[in-house]
Amino acid sequence: MVDRAAHLSCAKCGACTVVCPVYRVDPRESLTARGKMHLLSLPFAGEPSRHFQNIFSQCLLCGACEQACSRNLPITTLIAGARARFPQFYGPHSLQKTVVRKVLAHPGLLAKLVRAGISLRRICALPARSGLRLKLGLLEAPVTELPEGENFQKKKPGKALSYFPGCLARYLQPSIARATGRLAGIAGYGLHLPAGAGCCGLAARAAGKEDEARELAWNNILAFAEGSGPILTSCASCSSHLARYPELFAGDSERLLKAREFAGRVVEFSAFFLGQPELRPKSKQKQKVFYHDPCHLRHSAAGRENPRRLIDRIANVERVEPLSGPKCCGQGGLFHLGYPEMSAAIFRQCAEDGLECDPDLVVTTCSGCLMQWQQGRIEHDLPVEVLHLAVLLADCLACSGPAREEKNLFQPLWPAKKS
Ligand code: SF4
Ligand code: SF4
(Lines give C-alpha, C1' and ligand atoms only; values in the text may rest on other atoms or scores of the structure.)
(Ligands and ions follow the chains in the order given, each with its own letter.)
Protein backbone atom coordinates (compact mmCIF):
# COMPACT_ATOMS: atom_id res chain seq x y z
CA MET A 1 0.00 0.00 0.00
CA VAL A 2 1.46 3.35 -0.99
CA ASP A 3 1.58 6.02 1.70
CA ARG A 4 -0.05 9.00 0.00
CA ALA A 5 1.54 11.35 2.55
CA ALA A 6 5.03 10.03 1.80
CA HIS A 7 5.96 13.28 0.02
CA LEU A 8 6.16 14.90 3.46
CA SER A 9 9.31 12.87 4.14
CA CYS A 10 11.29 14.53 1.35
CA ALA A 11 14.69 15.50 2.76
CA LYS A 12 15.26 18.14 0.02
CA CYS A 13 18.65 16.51 -0.54
CA GLY A 14 18.51 17.03 -4.32
CA ALA A 15 19.81 13.57 -5.27
CA CYS A 16 16.83 13.29 -7.62
CA THR A 17 17.68 16.44 -9.56
CA VAL A 18 20.93 15.24 -11.13
CA VAL A 19 19.36 12.09 -12.59
CA CYS A 20 16.17 13.64 -13.98
CA PRO A 21 16.10 13.65 -17.82
CA VAL A 22 13.48 16.39 -17.89
CA TYR A 23 15.54 18.65 -15.61
CA ARG A 24 18.57 18.01 -17.81
CA VAL A 25 16.86 19.70 -20.77
CA ASP A 26 14.81 22.22 -18.78
CA PRO A 27 16.51 23.08 -15.48
CA ARG A 28 13.58 24.36 -13.47
CA GLU A 29 13.28 23.24 -9.87
CA SER A 30 9.54 22.63 -10.22
CA LEU A 31 10.22 19.90 -12.78
CA THR A 32 12.35 17.82 -10.41
CA ALA A 33 10.97 15.22 -8.04
CA ARG A 34 12.02 17.51 -5.16
CA GLY A 35 9.98 20.35 -6.63
CA LYS A 36 6.96 18.12 -7.10
CA MET A 37 7.21 16.73 -3.57
CA HIS A 38 7.27 20.31 -2.30
CA LEU A 39 4.17 21.22 -4.30
CA LEU A 40 2.36 18.17 -2.98
CA SER A 41 3.12 19.28 0.57
CA LEU A 42 1.26 22.59 0.10
CA PRO A 43 -2.36 22.76 1.19
CA PHE A 44 -4.80 23.31 -1.64
CA ALA A 45 -8.35 22.36 -2.45
CA GLY A 46 -10.45 22.09 -5.55
CA GLU A 47 -9.33 21.58 -9.09
CA PRO A 48 -5.57 21.83 -9.67
CA SER A 49 -4.55 24.88 -11.69
CA ARG A 50 -3.35 24.51 -15.27
CA HIS A 51 0.13 25.43 -14.06
CA PHE A 52 0.05 22.62 -11.51
CA GLN A 53 -1.20 20.16 -14.12
CA ASN A 54 1.50 21.24 -16.51
CA ILE A 55 4.24 20.69 -13.93
CA PHE A 56 3.02 17.24 -12.98
CA SER A 57 2.56 16.29 -16.62
CA GLN A 58 6.19 17.04 -17.42
CA CYS A 59 7.50 13.78 -16.04
CA LEU A 60 8.43 10.60 -17.89
CA LEU A 61 7.75 8.41 -14.86
CA CYS A 62 11.16 6.95 -15.68
CA GLY A 63 11.88 6.12 -12.04
CA ALA A 64 15.44 7.52 -12.03
CA CYS A 65 14.58 9.84 -9.12
CA GLU A 66 13.01 6.99 -7.17
CA GLN A 67 16.17 4.95 -7.57
CA ALA A 68 18.32 7.85 -6.34
CA CYS A 69 16.00 8.98 -3.54
CA SER A 70 17.65 8.94 -0.13
CA ARG A 71 14.24 8.50 1.53
CA ASN A 72 13.00 5.75 -0.79
CA LEU A 73 9.92 7.77 -1.64
CA PRO A 74 7.41 6.17 -4.08
CA ILE A 75 7.81 9.21 -6.34
CA THR A 76 6.30 7.86 -9.55
CA THR A 77 3.23 6.59 -7.71
CA LEU A 78 2.81 9.98 -6.02
CA ILE A 79 3.10 11.81 -9.34
CA ALA A 80 0.61 9.46 -11.02
CA GLY A 81 -1.65 9.94 -7.98
CA ALA A 82 -1.51 13.72 -8.41
CA ARG A 83 -2.52 13.32 -12.05
CA ALA A 84 -5.59 11.37 -10.96
CA ARG A 85 -7.03 14.68 -9.71
CA PHE A 86 -6.80 16.33 -13.10
CA PRO A 87 -10.25 16.92 -14.61
CA GLN A 88 -9.27 15.36 -17.92
CA PHE A 89 -6.08 14.18 -19.50
CA TYR A 90 -3.24 16.57 -18.83
CA GLY A 91 -0.96 18.59 -21.06
CA PRO A 92 -1.28 20.73 -24.17
CA HIS A 93 -2.48 17.88 -26.40
CA SER A 94 -5.03 16.41 -24.03
CA LEU A 95 -7.60 15.36 -26.62
CA GLN A 96 -5.06 13.42 -28.65
CA LYS A 97 -3.67 11.71 -25.60
CA THR A 98 -7.12 10.79 -24.36
CA VAL A 99 -7.99 9.24 -27.71
CA VAL A 100 -4.70 7.37 -27.87
CA ARG A 101 -5.04 6.08 -24.33
CA LYS A 102 -8.60 4.94 -24.99
CA VAL A 103 -7.51 3.16 -28.14
CA LEU A 104 -4.67 1.43 -26.30
CA ALA A 105 -7.08 0.42 -23.56
CA HIS A 106 -9.39 -1.25 -26.06
CA PRO A 107 -7.31 -3.61 -28.15
CA GLY A 108 -10.33 -4.61 -30.21
CA LEU A 109 -10.59 -1.04 -31.42
CA LEU A 110 -6.88 -0.86 -32.12
CA ALA A 111 -7.11 -4.12 -34.06
CA LYS A 112 -10.00 -2.78 -36.15
CA LEU A 113 -8.12 0.42 -36.90
CA VAL A 114 -5.06 -1.54 -37.91
CA ARG A 115 -7.07 -3.90 -40.09
CA ALA A 116 -8.85 -1.00 -41.74
CA GLY A 117 -5.58 0.86 -42.17
CA ILE A 118 -7.15 3.88 -40.49
CA SER A 119 -4.58 6.31 -39.19
CA LEU A 120 -5.23 7.76 -35.78
CA ARG A 121 -4.07 11.01 -37.31
CA ARG A 122 -7.39 11.16 -39.12
CA ILE A 123 -9.46 10.71 -36.01
CA CYS A 124 -7.63 12.94 -33.58
CA ALA A 125 -5.48 15.20 -35.73
CA LEU A 126 -2.22 14.26 -34.14
CA PRO A 127 0.57 16.75 -34.74
CA ALA A 128 2.55 15.98 -37.88
CA ARG A 129 5.65 14.99 -35.94
CA SER A 130 3.91 13.05 -33.20
CA GLY A 131 5.27 9.67 -32.27
CA LEU A 132 2.02 7.84 -32.80
CA ARG A 133 1.58 9.16 -36.31
CA LEU A 134 4.94 7.68 -37.10
CA LYS A 135 4.11 4.62 -35.09
CA LEU A 136 1.21 3.93 -37.40
CA GLY A 137 3.40 4.75 -40.34
CA LEU A 138 5.71 2.02 -39.11
CA LEU A 139 3.07 -0.63 -39.50
CA GLU A 140 4.55 -3.69 -41.06
CA ALA A 141 3.07 -4.61 -44.39
CA PRO A 142 1.09 -6.69 -44.78
CA VAL A 143 -0.35 -6.13 -41.32
CA THR A 144 -0.81 -9.47 -39.67
CA GLU A 145 -1.87 -8.87 -36.10
CA LEU A 146 -1.63 -11.94 -33.91
CA PRO A 147 -5.10 -13.43 -33.87
CA GLU A 148 -6.33 -14.89 -30.63
CA GLY A 149 -8.33 -17.58 -32.31
CA GLU A 150 -5.86 -18.90 -34.83
CA ASN A 151 -3.97 -22.13 -34.47
CA PHE A 152 -0.43 -22.26 -35.69
CA GLN A 153 0.65 -25.76 -36.62
CA LYS A 154 3.53 -27.08 -34.62
CA LYS A 155 6.02 -29.59 -35.93
CA LYS A 156 6.58 -30.95 -32.47
CA PRO A 157 4.85 -30.30 -29.19
CA GLY A 158 6.62 -27.94 -26.82
CA LYS A 159 6.19 -27.06 -23.19
CA ALA A 160 3.43 -24.49 -22.85
CA LEU A 161 4.59 -20.93 -22.33
CA SER A 162 2.09 -18.09 -21.99
CA TYR A 163 2.94 -14.91 -23.86
CA PHE A 164 2.05 -11.29 -23.23
CA PRO A 165 3.20 -9.44 -26.36
CA GLY A 166 2.01 -5.91 -25.54
CA CYS A 167 0.21 -3.69 -28.05
CA LEU A 168 3.21 -2.92 -30.29
CA ALA A 169 4.23 -6.53 -30.91
CA ARG A 170 0.67 -7.66 -31.21
CA TYR A 171 -0.83 -5.08 -33.51
CA LEU A 172 1.83 -2.88 -35.05
CA GLN A 173 5.10 -4.79 -35.26
CA PRO A 174 4.16 -8.48 -35.11
CA SER A 175 7.67 -9.41 -36.29
CA ILE A 176 8.65 -9.00 -32.61
CA ALA A 177 6.08 -11.55 -31.50
CA ARG A 178 6.96 -13.91 -34.31
CA ALA A 179 10.66 -13.67 -33.48
CA THR A 180 9.85 -14.35 -29.82
CA GLY A 181 7.79 -17.37 -30.91
CA ARG A 182 10.72 -18.66 -32.94
CA LEU A 183 13.15 -18.28 -30.04
CA ALA A 184 10.71 -20.02 -27.70
CA GLY A 185 10.32 -22.85 -30.19
CA ILE A 186 14.07 -23.43 -30.34
CA ALA A 187 14.16 -23.49 -26.56
CA GLY A 188 11.48 -26.19 -26.62
CA TYR A 189 8.41 -24.15 -25.79
CA GLY A 190 5.10 -23.63 -27.56
CA LEU A 191 4.18 -19.97 -27.15
CA HIS A 192 0.53 -19.29 -26.37
CA LEU A 193 -1.36 -16.05 -26.60
CA PRO A 194 -4.45 -16.44 -24.41
CA ALA A 195 -7.73 -15.15 -25.75
CA GLY A 196 -8.91 -12.03 -23.97
CA ALA A 197 -5.48 -10.61 -23.05
CA GLY A 198 -5.30 -6.87 -23.66
CA CYS A 199 -3.34 -3.72 -22.91
CA CYS A 200 -1.25 -3.94 -19.73
CA GLY A 201 -2.77 -0.65 -18.48
CA LEU A 202 0.47 1.23 -17.91
CA ALA A 203 -0.72 4.25 -19.93
CA ALA A 204 -3.91 4.42 -17.85
CA ARG A 205 -1.95 4.21 -14.59
CA ALA A 206 0.54 6.84 -15.71
CA ALA A 207 -2.43 9.10 -16.35
CA GLY A 208 -3.64 8.52 -12.80
CA LYS A 209 -6.68 6.54 -14.02
CA GLU A 210 -6.44 3.84 -11.38
CA ASP A 211 -9.93 2.43 -11.99
CA GLU A 212 -9.24 2.00 -15.67
CA ALA A 213 -5.80 0.51 -14.95
CA ARG A 214 -7.39 -1.89 -12.45
CA GLU A 215 -10.01 -2.99 -14.97
CA LEU A 216 -7.36 -3.69 -17.61
CA ALA A 217 -5.22 -5.56 -15.09
CA TRP A 218 -8.11 -7.72 -13.95
CA ASN A 219 -8.94 -8.52 -17.55
CA ASN A 220 -5.39 -9.82 -18.05
CA ILE A 221 -5.37 -11.73 -14.77
CA LEU A 222 -8.51 -13.56 -15.93
CA ALA A 223 -7.16 -14.15 -19.41
CA PHE A 224 -4.08 -15.91 -18.03
CA ALA A 225 -5.87 -17.62 -15.13
CA GLU A 226 -6.09 -21.10 -16.67
CA GLY A 227 -2.34 -21.53 -16.81
CA SER A 228 0.13 -21.66 -13.95
CA GLY A 229 3.48 -21.47 -15.73
CA PRO A 230 5.58 -18.43 -16.66
CA ILE A 231 4.11 -15.52 -18.58
CA LEU A 232 6.75 -14.33 -21.00
CA THR A 233 6.75 -10.66 -21.98
CA SER A 234 8.73 -9.10 -24.81
CA CYS A 235 8.15 -5.50 -23.70
CA ALA A 236 10.14 -4.21 -20.71
CA SER A 237 7.53 -1.60 -19.80
CA CYS A 238 4.69 -4.10 -19.92
CA SER A 239 6.63 -6.61 -17.84
CA SER A 240 7.44 -4.08 -15.13
CA HIS A 241 3.82 -2.98 -14.96
CA LEU A 242 2.41 -6.54 -14.97
CA ALA A 243 4.71 -7.35 -12.06
CA ARG A 244 3.23 -4.40 -10.14
CA TYR A 245 -0.42 -5.48 -10.52
CA PRO A 246 -0.73 -6.29 -6.79
CA GLU A 247 -0.39 -2.54 -6.03
CA LEU A 248 -3.69 -1.99 -7.84
CA PHE A 249 -5.63 -4.39 -5.63
CA ALA A 250 -4.31 -3.41 -2.22
CA GLY A 251 -7.79 -3.06 -0.71
CA ASP A 252 -9.31 -6.24 -2.16
CA SER A 253 -7.87 -9.39 -0.57
CA GLU A 254 -9.40 -11.84 -3.05
CA ARG A 255 -8.19 -10.03 -6.14
CA LEU A 256 -4.90 -9.17 -4.48
CA LEU A 257 -4.17 -12.88 -4.11
CA LYS A 258 -4.85 -13.46 -7.83
CA ALA A 259 -2.79 -10.39 -8.75
CA ARG A 260 0.14 -11.71 -6.70
CA GLU A 261 -0.10 -15.12 -8.36
CA PHE A 262 -0.17 -13.45 -11.76
CA ALA A 263 2.74 -11.11 -10.98
CA GLY A 264 4.80 -14.04 -9.68
CA ARG A 265 4.51 -15.69 -13.10
CA VAL A 266 5.71 -12.72 -15.16
CA VAL A 267 9.12 -13.28 -16.74
CA GLU A 268 10.94 -10.57 -18.60
CA PHE A 269 12.26 -11.43 -22.08
CA SER A 270 16.03 -11.27 -21.44
CA ALA A 271 15.85 -13.11 -18.13
CA PHE A 272 13.91 -15.93 -19.75
CA PHE A 273 16.10 -16.43 -22.80
CA LEU A 274 19.32 -16.07 -20.84
CA GLY A 275 18.27 -19.28 -19.12
CA GLN A 276 17.92 -21.16 -22.43
CA PRO A 277 21.28 -22.71 -23.38
CA GLU A 278 19.81 -24.04 -26.66
CA LEU A 279 20.06 -20.53 -28.08
CA ARG A 280 23.46 -20.14 -29.71
CA PRO A 281 23.03 -17.17 -32.04
CA LYS A 282 25.65 -16.09 -34.54
CA SER A 283 25.61 -12.94 -36.60
CA LYS A 284 26.31 -13.35 -40.33
CA GLN A 285 28.75 -10.46 -40.26
CA LYS A 286 30.71 -8.71 -37.55
CA GLN A 287 28.66 -5.89 -36.08
CA LYS A 288 28.73 -3.45 -33.22
CA VAL A 289 25.57 -3.34 -31.15
CA PHE A 290 24.49 -0.62 -28.75
CA TYR A 291 21.92 -1.83 -26.23
CA HIS A 292 19.54 0.92 -25.15
CA ASP A 293 18.38 0.40 -21.54
CA PRO A 294 14.63 0.81 -21.06
CA CYS A 295 14.03 2.85 -17.89
CA HIS A 296 11.71 0.14 -16.63
CA LEU A 297 14.63 -2.30 -16.52
CA ARG A 298 17.74 -0.31 -15.84
CA HIS A 299 17.11 0.46 -12.22
CA SER A 300 17.78 -3.10 -11.11
CA ALA A 301 21.05 -5.02 -11.42
CA ALA A 302 19.40 -7.97 -13.21
CA GLY A 303 17.51 -5.63 -15.52
CA ARG A 304 20.79 -4.03 -16.58
CA GLU A 305 22.85 -7.18 -16.85
CA ASN A 306 20.53 -9.79 -18.39
CA PRO A 307 20.06 -8.14 -21.81
CA ARG A 308 23.80 -7.42 -22.02
CA ARG A 309 24.71 -11.00 -21.21
CA LEU A 310 22.23 -12.22 -23.80
CA ILE A 311 23.75 -9.96 -26.48
CA ASP A 312 27.25 -11.08 -25.47
CA ARG A 313 26.18 -14.61 -26.33
CA ILE A 314 25.82 -13.69 -30.02
CA ALA A 315 28.93 -14.72 -31.93
CA ASN A 316 30.35 -12.00 -34.19
CA VAL A 317 28.70 -9.22 -32.21
CA GLU A 318 30.61 -6.64 -30.22
CA ARG A 319 28.54 -4.80 -27.64
CA VAL A 320 29.49 -1.14 -27.30
CA GLU A 321 28.73 1.23 -24.41
CA PRO A 322 28.95 5.02 -24.26
CA LEU A 323 31.21 6.35 -21.50
CA SER A 324 28.38 8.44 -20.05
CA GLY A 325 26.21 5.39 -19.27
CA PRO A 326 22.52 4.77 -20.00
CA LYS A 327 20.08 7.60 -20.59
CA CYS A 328 16.31 7.83 -20.95
CA CYS A 329 15.15 8.12 -24.60
CA GLY A 330 12.40 10.63 -23.76
CA GLN A 331 9.44 8.62 -24.99
CA GLY A 332 7.72 8.14 -21.62
CA GLY A 333 4.48 6.59 -22.85
CA LEU A 334 2.21 9.47 -23.74
CA PHE A 335 4.78 12.09 -22.65
CA HIS A 336 6.13 12.35 -26.19
CA LEU A 337 2.67 13.30 -27.43
CA GLY A 338 2.17 16.00 -24.83
CA TYR A 339 5.66 17.48 -24.91
CA PRO A 340 7.16 16.60 -28.30
CA GLU A 341 9.91 19.26 -28.17
CA MET A 342 11.07 18.21 -24.72
CA SER A 343 10.86 14.54 -25.70
CA ALA A 344 12.94 15.24 -28.82
CA ALA A 345 15.57 17.15 -26.80
CA ILE A 346 15.90 14.24 -24.36
CA PHE A 347 16.18 11.83 -27.27
CA ARG A 348 18.89 13.92 -28.92
CA GLN A 349 21.08 13.66 -25.79
CA CYS A 350 20.44 9.94 -25.57
CA ALA A 351 21.17 9.32 -29.26
CA GLU A 352 24.32 11.46 -29.26
CA ASP A 353 25.68 9.39 -26.39
CA GLY A 354 24.61 6.07 -27.90
CA LEU A 355 26.03 6.84 -31.32
CA GLU A 356 29.37 8.13 -30.04
CA CYS A 357 30.58 4.51 -29.98
CA ASP A 358 29.67 4.08 -33.65
CA PRO A 359 27.28 1.11 -33.48
CA ASP A 360 25.80 -0.62 -36.54
CA LEU A 361 22.70 -1.54 -34.61
CA VAL A 362 20.65 -0.21 -31.71
CA VAL A 363 18.65 -2.86 -29.89
CA THR A 364 16.23 -2.61 -27.00
CA THR A 365 13.34 -4.55 -25.49
CA CYS A 366 10.82 -1.82 -24.71
CA SER A 367 8.03 -0.86 -27.13
CA GLY A 368 8.24 2.83 -26.26
CA CYS A 369 12.04 3.03 -26.57
CA LEU A 370 11.90 1.10 -29.82
CA MET A 371 9.38 3.53 -31.32
CA GLN A 372 11.35 6.53 -30.09
CA TRP A 373 14.56 5.24 -31.67
CA GLN A 374 12.80 4.24 -34.90
CA GLN A 375 11.22 7.67 -35.14
CA GLY A 376 14.51 9.41 -34.28
CA ARG A 377 16.40 7.32 -36.79
CA ILE A 378 14.08 8.44 -39.59
CA GLU A 379 13.81 12.07 -38.51
CA HIS A 380 17.56 12.56 -38.02
CA ASP A 381 18.68 10.11 -40.69
CA LEU A 382 20.75 8.23 -38.13
CA PRO A 383 23.24 5.75 -39.59
CA VAL A 384 22.01 2.76 -37.59
CA GLU A 385 19.43 0.04 -37.73
CA VAL A 386 17.02 -0.18 -34.80
CA LEU A 387 15.66 -3.56 -33.76
CA HIS A 388 13.99 -5.34 -30.91
CA LEU A 389 16.44 -7.77 -29.32
CA ALA A 390 14.09 -10.67 -30.19
CA VAL A 391 14.36 -9.85 -33.89
CA LEU A 392 18.16 -9.63 -33.74
CA LEU A 393 18.42 -12.95 -31.91
CA ALA A 394 16.00 -14.70 -34.25
CA ASP A 395 17.87 -13.31 -37.30
CA CYS A 396 21.15 -14.55 -35.90
CA LEU A 397 19.70 -17.98 -35.21
CA ALA A 398 18.20 -18.07 -38.67
CA CYS A 399 21.57 -17.43 -40.27
CA SER A 400 23.24 -20.10 -38.14
CA GLY A 401 20.75 -22.74 -39.26
CA PRO A 402 18.23 -24.27 -36.92
CA ALA A 403 15.90 -21.30 -36.53
CA ARG A 404 14.73 -21.64 -40.11
CA GLU A 405 13.43 -25.09 -39.25
CA GLU A 406 11.20 -23.74 -36.51
CA LYS A 407 7.74 -22.41 -37.16
CA ASN A 408 6.08 -19.67 -35.24
CA LEU A 409 4.24 -21.22 -32.34
CA PHE A 410 1.20 -19.34 -31.15
CA GLN A 411 -1.83 -21.11 -29.85
CA PRO A 412 -4.72 -19.87 -27.78
CA LEU A 413 -4.90 -22.14 -24.77
CA TRP A 414 -8.17 -21.01 -23.33
CA PRO A 415 -11.12 -18.80 -24.15
CA ALA A 416 -11.59 -15.39 -22.62
CA LYS A 417 -13.32 -15.30 -19.24
CA LYS A 418 -15.74 -12.69 -18.05
CA SER A 419 -15.26 -11.09 -14.65
S1 SF4 B 1 10.28 10.06 -12.86
FE2 SF4 B 1 11.99 10.64 -14.22
S3 SF4 B 1 11.23 12.44 -15.32
FE4 SF4 B 1 9.87 12.17 -13.54
S5 SF4 B 1 10.74 13.50 -11.94
FE6 SF4 B 1 11.61 11.43 -11.67
S7 SF4 B 1 13.56 11.46 -12.81
FE8 SF4 B 1 12.33 13.24 -13.52
S1 SF4 C 1 16.02 12.42 -3.63
FE2 SF4 C 1 14.08 12.02 -2.52
S3 SF4 C 1 14.42 12.95 -0.49
FE4 SF4 C 1 15.99 13.83 -1.86
S5 SF4 C 1 15.07 15.72 -2.66
FE6 SF4 C 1 14.61 14.12 -4.13
S7 SF4 C 1 12.56 13.36 -3.52
FE8 SF4 C 1 13.40 14.51 -1.77
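The values are calculated or read from the model by the stated rules, or taken from the named source; none is laboratory data. Being a predicted model, the structure only gives us computed values, none of them experimental. Every residue, glycine among them, receives a Cβ derived from its backbone with ideal geometry; neighbour counts consider all protein chains shown. Areas reflect the complete protein model, heavy atoms only, side chains present, ligands, DNA and RNA absent. Shrake-Rupley method; radii C 1.70, N 1.55, O 1.52, S 1.80 Å.
Numerical summary
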quantity	calculated
Accessible surface, per residue, of segment 6-83 when the full set of protein chains is kept, probe 1.4 Å, Å²	44 Å²
Heavy-atom surface of segment 267-351, accessible at 1.4 Å and reported per residue (Å²)	41 Å²
Histogram of C-alpha separations across segment 275-399, 10 Å bin width, %	13, 46, 32, 8, 1
Rg(Cα) / (2.2 N^0.38 Å) computed for segment 6-83, rounded to two decimals	1.00
Interchain or long-range residues, amide H under 5 Å from Val267's placed H	Ile231, Leu232, Thr233
Fully extended contour minus Cα-Cα distance, from Ala5 to His51, at 0.36 nm per residue	14.4 nm
Computed accessible area, Glu247, all protein chains, 1.4 angstrom probe, square angstrom	70 Å²
Long-range amide H partners of Gly332 with built H, under 5 Å	none
With every protein chain in place, segment 275-399: carbon and sulfur % of accessible area (1.4 Å)	48 percent
Two-site label geometry, Ala315 and Asp252: point separation in nm, points 7 Å out along Cα→Cβ	5.2 nm
Under Karplus coefficients 6.51, -1.76 and 1.60, residue-wise ³J(HN,Hα) of segment 47-63 in Hz, glycine/proline x	6, x, 5, 4, 5, 4, 4, 5, 4, 6, 7, 8, 8, 7, 6, 6, x
Cys13-Lys284 FRET efficiency (beta carbon distance; Förster radius 56 Å; 0.05 resolution)	0.65
Amide hydrogen neighbours beyond the local backbone of Arg319, cut-off 5 Å, H modeled	Val289
Sulfur and carbon atoms: percent of accessible area, segment 6-83 [1.4 Å]	54 percent
Distance cut-off 27 Å, percentage of C-alpha pairs in segment 170-299 lying past it	24 percent
Inter-label distance, nm, simple model (7 Å from Cα along the C-beta direction), Glu215/Asp26	3.1 nm
Residue-by-residue Karplus 3J(HN,Hα) for segment 253-270, coefficients 6.51, -1.76, 1.60, Hz, glycine and proline x	4, 5, 6, 4, 4, 5, 5, 5, 4, 4, 4, x, 8, 6, 10, 6, 3, 5
Under Karplus coefficients 6.51, -1.76 and 1.60, residue-wise ³J(HN,Hα) of segment 69-77 in Hz, glycine/proline x	5, 5, 9, 6, 6, x, 4, 5, 5
